[in-house]
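The values are calculated or read from the model by the stated rules, or taken from the named source; none is laboratory data. Keep in mind that what you see is a predicted model, and the values were worked out from it rather than measured. Positions of Cβ are generated from backbone atoms using ideal geometry, with glycine treated the same way; all protein chains shown enter the neighbour counts. Ligands, DNA and RNA are stripped out before the accessible areas are found, and what is left, the full protein with its side chains, is counted by its heavy atoms. Shrake-Rupley method; radii C 1.70, N 1.55, O 1.52, S 1.80 Å.
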Amino acid sequence: MMKKIGIISDTHSCWDDRYERYFADCDEIWHAGDIGDSALLDRLEAIGPKVRAVSGNIDHGEVRRRCGELEIFDCEGARVLLTHIGGYPGKWAPGMKKLLRENGVTLMVDGHSHLLRIKFDPELGLLHINPGAAGVHGWQQKRTLVLLKIDSGKFSDCEVIEFA
């Protein structure tokens, strides 16, 4: 069964009502850290779908209690690793390449850099997605999030949403 995933990162406590509009028909929402305030998680959960979230380097308190630093899980035939600081193909964070390989990851999602990056790693046979930053804190010029469909381990309809 195909699932539509909403991917967001680096909100830094910034809520935008458009998150609700874009994530309303998603089956899951994944937040790749630097959430900022646990109230933001509550608002994402209120949209309705399952929310998976990891803590980032600015997160503390309730967010750290609710969210670990790393999640590895299966979603519609894809093996997913969700974290905040992971690097990207050709420049993985220390130990990440080994972790990805050992766990058979086919989709790696992270945040931290505030840079939108969607890239296939042919060496590891995985898709890497950094949705950029959805919040207003940071130096990014555009706020972004990503929508993606997963079906039988295949990825499709990857869409980047840009906020002015």
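Please work out if P89 is open to solvent by 40 Å² or more (accessible area, probe 1.4 Å) and either farther than 17 Å from G36 by Cβ or among the charged types (D, E, K, R) (or both). Judged against the criteria, P89 is not a match.
Yes/no matrix, rows are residues, columns are (1) β-branched (V, I, T); (2) more than 21 Å from F23 (Cα to Cα):
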position	(1), (2)
K91	no, yes
L99	no, yes
L116	no, no
L126	no, yes
N130	no, no
V146	yes, no
S152	no, yes
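When the stretch 1-25 is limited to residues that are hydrophobic (A, V, I, L, M, F, W, C) and open to solvent by less than 10 Å² (accessible area, probe 1.4 Å), the one that is farthest from the chain's Cα centre (by Cα) turns out to be F23. Only residues that are modelled with pLDDT of 95 or more, open to solvent by less than 10 Å² (accessible area, probe 1.4 Å) and in a loop (DSSP other than H, G, I, E, B) were counted across the stretch 106-164, and they come to 5.
Looking at the structure I just gave you, is L100 crowded, with 22+ Cβ neighbours inside 10 Å, of a type outside the set (V, I, T) and in a strand (DSSP E or B)? It is false that L100 is crowded, with 22+ Cβ neighbours inside 10 Å, of a type outside the set (V, I, T) and in a strand (DSSP E or B). Picking from residues in the stretch 29-76 that are crowded, with 23+ Cβ neighbours inside 10 Å and among the β-branched types (V, I, T), the one that is farthest from P131 (Cα to Cα) is V63.
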